[in-house]
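So the structure is just underneath, and the comments pick up after that.
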Amino acid sequence: MKGIITVLGKDRVGIIAKVCTYLASQNVNILDISQTIIQGYFNMMMIVDISSPAKSFEALVEDLQGIGAELGVEIKLQHEDIFNTMHRI
């Protein structure tokens, strides 16, 4: 099963490092990653393998939201199926 993680907010040091370190600790593999900074705003999208995480999907969502709050960015994790359905309409 795949998930889509999006991160959006003001750029600062350590955003990618913090998110990637957390994902590795939860046995979530990063399959693809793209990030850009536009006039000081950070935007990142990741496709991750969530087939065997250490925690439940809901716990991952909550933890990533907490990391986002700590970093001053918004982090969302969605199932790939939901993401695809949202963008098909």
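The values are calculated or read from the model by the stated rules, or taken from the named source; none is laboratory data. Keep in mind it's a predicted model, so treat the numbers as computed, not measured. Because the Cβ atoms are built from the backbone with ideal geometry, glycine has one as well, and the counts that use them run over all protein chains shown. Quick note on the areas: whole protein, heavy atoms, side chains included, nothing else; ligands and nucleic acids left out. Shrake-Rupley method; radii C 1.70, N 1.55, O 1.52, S 1.80 Å.
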**Members of segment 52-89 that are of a type in the set (A, V, I, L, M, F, W, C), surrounded by fewer than 16 Cβ atoms within 10 Å (Cβ to Cβ), in contact (Cβ under 8 Å) with a residue 12 or more places away in the chain and not in a loop (DSSP other than H, G, I, E, B)** = Phe57
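A quick yes/no check of all residues on (1) in contact with a helix residue (DSSP H, G or I) (Cβ under 7 Å, 6 or more places away or on another chain); (2) farther than 17 Å from Val61 by Cβ:
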position	(1), (2)
Val7	yes, no
Lys18	yes, no
Gln35	yes, yes
Tyr41	no, yes
Met45	no, no
Asp49	no, no
**Request:** Determine which member of the set Asp49, Asp32 is open to solvent by 30 Å² or more (accessible area, probe 1.4 Å) and touching a residue at least 40 places away in the same chain (Cβ under 8 Å).
**Result:** Asp49
**Request:** Could you list all residues from segment 9-46 that are in contact with a Gly (Cβ under 9 Å, 6 or more places away or on another chain), in a strand (DSSP E or B) and closer than 13 Å to Ile75 by Cα?
**Result:** Gly9, Lys10, Phe42, Asn43, Met46
